[in-house]
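Step one of this worksheet: look at the structure below.
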There are 2 protein chains.
Amino acid sequence: MSNKKLSTKPYKGVRDFYPEDWMFQKWMFWKMSEVCERFGYQNYNASPLEPSELYEAKSGSEMINNETYNLIDRGDRRVTVRPEMTPTVARMVANRARELPKPIRWYSIPNLFRYERPQKGRLREHYQLNVDIFGSDSIQADIEVIQIGAELMKSLGAQEKDFEILVNNRKIITTLIQQYTDSTEDLYKISKLIDKKKKLTTEEFNSSISEILSERSEEFINTLETTNLENAQEFADKEDIDNTLSIITKLSALGHTNVRFDLTLMRGFDYYTDIVFEFFDTHPDNNRSLFGGGRYNDLLDIFDMEKIPAVGFGMGDVTAKDFLETHGLMPQLTSHTKVYIGALDTSSLAAAETLANNLREESINTELDFSCRKYDKLIQSADKKMVPWFIAVGEDEVASNTYSIKNTITGEQKNSLSIEDIISLVSN
Amino acid sequence: MSNKKLSTKPYKGVRDFYPEDWMFQKWMFWKMSEVCERFGYQNYNASPLEPSELYEAKSGSEMINNETYNLIDRGDRRVTVRPEMTPTVARMVANRARELPKPIRWYSIPNLFRYERPQKGRLREHYQLNVDIFGSDSIQADIEVIQIGAELMKSLGAQEKDFEILVNNRKIITTLIQQYTDSTEDLYKISKLIDKKKKLTTEEFNSSISEILSERSEEFINTLETTNLENAQEFADKEDIDNTLSIITKLSALGHTNVRFDLTLMRGFDYYTDIVFEFFDTHPDNNRSLFGGGRYNDLLDIFDMEKIPAVGFGMGDVTAKDFLETHGLMPQLTSHTKVYIGALDTSSLAAAETLANNLREESINTELDFSCRKYDKLIQSADKKMVPWFIAVGEDEVASNTYSIKNTITGEQKNSLSIEDIISLVSN
């Protein structure tokens, strides 16, 4: 044993979840699960350890080396601690592509790991709901996953005015850029700039575009700003526009009227082939992207197999919590323990224990304090642990086999109750 | 993108959890949670990434280097992917030792990682229920955690005859060994041999003991085999014997009559200072340790702080599943999805969707199949996905606004139901 004092802090950038913290996480995970299951999605999971090759196939080795946790095992296998769930779910679907009945509707709430400088909303470990539908190229699938996102926001307490849903089609913006350049390199550069637009000043963005498109840059920027789904017909394919419009119209018919087209929405560079969407916080204190996703029809190519179209989204727990806090929507959670029983002395311990076990048999969550301390100390513990009901057991209770029960929240007390009385009081 | 075909297999020694697998895991986790919460235990969690120093302090660097996954981050911090939860929970308790109301009753079901040769019941990643009580040195605490273990077995469907609970006190066996040697090195060696006794042949064990104790070895081995709690009084402290006996007697009074003293029970070398216990499968096909734990009063020493006594146990998911399978106790789980709605053609899609959303509003989990395939294909998907109710929506249904619903398990069908009829049928 070393003499140097060992730190009690967690590893830098990750969180300890004390019971009150984890209770909130579980509440959020439950909300997420509930909405996904309401749409018939099934919960899957996998190990956070994955072969590094899984990520290199699509993201390139640069991301793997710079942003992820990697190790080499003694069999010389390169292992990555998963930074995102999509490659894993694609791998699992590919592994049973033939047997799984389509469309596959799956969700998961994994923890993901990225090596990055910890900052607000960007920890080294976070949880992320992943919702995906595989095996359908119908826009019904796009609509459904966006609908799930919107229903989830509602389920978390959000109103339509609290957020916007931005929708774009990668093919529309790509067609536009191609009006201005034939070079795939320039297409890539411009797409990347548009993706980062919100993080750049107008000047930075304009001058970068102008470096690529020179005299046509002004026209391009103007088109970017003024294009809606109607005038996009001037350059884009009718089918792409119709699909995008159908999605927005259908969501509106489903009661989600806060959906709008945003030609500049890119959602990063990985995977997405068609529709992309983003839930955006409208609150002035938290004016930012909440979560998003899109269609990725080509991802399973990395496994050298038949195409399986897919659409999905990911919603991070930290961003979701920020949203709840900003909008005053954090839930009031109480302990799962319903009754706290304290023995006042060792001779009353057996009776206290019997009472506790009687309540437990009725599925009433009951904590027994066998420290045999004074009344004040016992009820103080019950209070600190936020347990709503408190019973002290001493000589009198043992003699009469009746008990006083106190509500630690209201302060109300009921006396001379039998065990049956207590069970019926606490169960209601 | 590489041309080499990428594997769809998970990393060696870890598991993919397809929906049916994860459904079982969640069932087991729910059983575990339910029993712990019935005793007032609160759920905590932490990241699987921990500073390597946390493990070296108690386990020594040998274990860390040979049996765990390690990496060095770019801040030159040494990080270990947690192989067990106890150091983490000790760290979290130490971090808030003053504020947390005692006794602290906590549980968690983390995934743990060990670099080892994969074999039955020993994967590189497994889940483990951890139940601990901190801040009480009363034997009531030892009794309570063993009681939780026994209640959990019951909750999983086990009967008393299916398993035994072995109890020992580290102090009793240590006192015995000290009758035979003054050397702490020999004490350690003998303790280690006793811990491995069940994995050695009688010959191997006896000759190893004889190497250490020479002519007194036969007497020692004989004492090991014949000692019960009564005749242990000849060498052990009365208090240690009384405590051990009280635990067994009390558990018996609580209805757990399958508890017995086993002088040779050690439960490894980490942490344990007093009582140790083990749940042991009595089935001839699975005659093995299921799980166990004990009291570890000194662990928080590594944080150079006031002593906090603790007792707890860990129960692995793989061993628990083996037990359920051996004893024919695996649960029959069905899909969380209640209704599968299939549209027969595109013109019926809107009606199918409305029906699905109506059911969802009533919290009925409903999957909508918008692939517009034939009846047989649709019901086949519902069946494969194990969804109990199936509704096809076509021209007739749209015209009449009534539906036929089929139970995919019994084959029973009801016709001409309104949406309200369906809601009331499926909700019951």
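The values are calculated or read from the model by the stated rules, or taken from the named source; none is laboratory data. Given the structure is predicted, the values throughout are model-derived calculations rather than measurements. When we count neighbours, we look across all protein chains shown, and the Cβ atoms used for this are built from the backbone with ideal geometry, even at glycine.
The residue of the stretch A:89-122 that is nearest to the chain's Cα centre (by Cα), among those that are at pLDDT 95 or above and within 30 Å of B:Arg77 (Cα to Cα), is A:Ile109. Among the candidates B:Glu20, B:Glu37, B:Glu67, the residue that is closer than 25 Å to B:Pro331 by Cα, surrounded by fewer than 18 Cβ atoms within 10 Å (Cβ to Cβ) and not aliphatic (A, V, I, L, M) is uniquely B:Glu20. The residue that is surrounded by the most Cβ atoms within 10 Å (Cβ to Cβ), among those in the stretch A:342-358 that are within 30 Å of A:Phe24 (Cα to Cα) and more than 9 Å from chain B (Cβ to nearest Cβ), is A:Gly342.
Here the stretch A:1-45 is the region considered, the condition is being touching a helix residue (DSSP H, G or I) at 6+ places or on another chain (Cβ under 6 Å) and of a type in the set (Val, Ile, Thr), and the residue that is farthest from B:Leu54 (Cα to Cα) is A:Val35. Looking at the structure I just gave you, is A:Ala236 touching a residue at least 12 places away in the same chain (Cβ under 8 Å), of a type in the set (A, V, I, L, M) and within 30 Å of A:Ile308 (Cβ to Cβ)? Judged against the criteria, A:Ala236 is a match. How many residues does the stretch A:291-341 contain that are over 17 Å from the mean Cα position of the chain (by Cα), more than 30 Å from A:Thr273 (Cα to Cα), surrounded by fewer than 18 Cβ atoms within 10 Å (Cβ to Cβ) and touching a residue at least 40 places away in the same chain (Cβ under 8 Å)? Residues in the stretch A:291-341 being over 17 Å from the mean Cα position of the chain (by Cα), more than 30 Å from A:Thr273 (Cα to Cα), surrounded by fewer than 18 Cβ atoms within 10 Å (Cβ to Cβ) and touching a residue at least 40 places away in the same chain (Cβ under 8 Å): 2 in total. It is to be established whether one or more residues within the stretch B:244-253 are buried (at least 18 other Cβ atoms within 10 Å of the Cβ), over 27 Å from the mean Cα position of the chain (by Cα) and assigned to a helix (DSSP H, G or I). No - not one qualifying residue is present in the stretch B:244-253. The listed residues are A:Asp345, A:Asp322, A:Asp421, and the only one of them that is in the same structural domain as A:Lys31 (by TED's automatic domain parsing) and among the charged types (D, E, K, R) turns out to be A:Asp322. Counting only strands (runs of 3 or more DSSP E) that sit wholly inside the stretch B:343-428, those with at least 1 residues that are touching a Pro at 6+ places or on another chain (Cβ under 9 Å) are B:366-369, B:403-407. Of note, B:Glu37 satisfies the criterion of being more than 21 Å from B:Phe113 (Cα to Cα) and within 7 Å of chain A (Cβ to nearest Cβ). For the stretch A:377-393, indicate whether the set of residues that are of a type in the set (Lys, Arg) and more than 42 Å from the chain's Cα centre (by Cα) is non-empty. The answer is no; no qualifying residue exists.
Only one entry in A:Asn407, A:Asn415 is closer than 26 Å to B:Ser33 by Cα and surrounded by fewer than 20 Cβ atoms within 10 Å (Cβ to Cβ), namely A:Asn407. Only one entry of B:Glu50, B:Glu34 meets the criterion of being acidic (Asp, Glu) and part of a helix (DSSP H, G or I), and that entry is B:Glu34.
Out of B:Glu125, B:Glu151, B:Glu144, one residue alone is touching a Ser or Thr at 6+ places or on another chain (Cβ under 8 Å) and at pLDDT 95 or above. It is B:Glu125.
For the stretch B:151-208, taking the residues that are among the hydrophobic types (A, V, I, L, M, F, W, C) and over 23 Å from B:Ile248 (Cβ atoms), the one that is surrounded by the most Cβ atoms within 10 Å (Cβ to Cβ) is identified as B:Ile190. Residue-level check: of (1) within 9 Å of another protein chain (Cβ to nearest Cβ); (2) of a type in the set (Asp, Glu); (3) in contact (Cβ under 8 Å) with a residue 60 or more places away in the chain, A:Glu367 misses just (3).
Of all residues in the stretch B:12-25, those that are assigned to a helix (DSSP H, G or I) and either among the aliphatic types (A, V, I, L, M) or more than 7 Å from chain A (Cβ to nearest Cβ) (or both) total 5.
The single residue among A:Asn66, A:Asn3 that is part of a helix (DSSP H, G or I), at pLDDT below 95 and either farther than 24 Å from A:Leu129 by Cβ or touching a strand residue (DSSP E or B) at 6+ places or on another chain (Cβ under 6 Å) (or both) turns out to be A:Asn66.
Within the stretch B:99-111, the residues that satisfy the criterion of being at the interface with chain A (Cβ under 10 Å from one of its Cβ atoms), surrounded by fewer than 23 Cβ atoms within 10 Å (Cβ to Cβ) and part of a loop (DSSP other than H, G, I, E, B) are B:Glu99, B:Leu100, B:Pro101, B:Lys102. Checking each residue in the stretch B:46-56 for being surrounded by fewer than 21 Cβ atoms within 10 Å (Cβ to Cβ) and within 8 Å of chain A (Cβ to nearest Cβ) picks out B:Pro51, B:Glu53.
I'd like to know if the stretch A:194-201 contains one or more residues that are closer than 30 Å to B:Glu353 by Cα and of a type in the set (D, E, K, R). No, the stretch A:194-201 has no match at all.
Looking at the stretch B:136-147, is at least one residue surrounded by 21 or more Cβ atoms within 10 Å (Cβ to Cβ), out of contact with any Gly (no Cβ under 6 Å at 6 or more places or on another chain) and not in a helix (DSSP H, G or I)? Yes, because at least one residue in the stretch B:136-147 is surrounded by 21 or more Cβ atoms within 10 Å (Cβ to Cβ), out of contact with any Gly (no Cβ under 6 Å at 6 or more places or on another chain) and not in a helix (DSSP H, G or I). Would you mind stating whether A:Phe134 is closer than 19 Å to A:Val318 by Cα and either in contact with a strand residue (DSSP E or B) (Cβ under 7 Å, 6 or more places away or on another chain) or of a type in the set (Lys, Arg) (or both)? Here the answer is no, as A:Phe134 does not meet what is asked.
Kindly indicate whether B:Lys414 is over 23 Å from B:Phe370 (Cβ atoms) and out of contact with any Leu (no Cβ under 6 Å at 6 or more places or on another chain). Criteria met by B:Lys414. Among the residues making up the stretch A:73-98, those that are free of Cβ contacts under 8 Å to residues at least 12 places away in the same chain and more than 9 Å from chain B (Cβ to nearest Cβ) are A:Asp76, A:Arg98.
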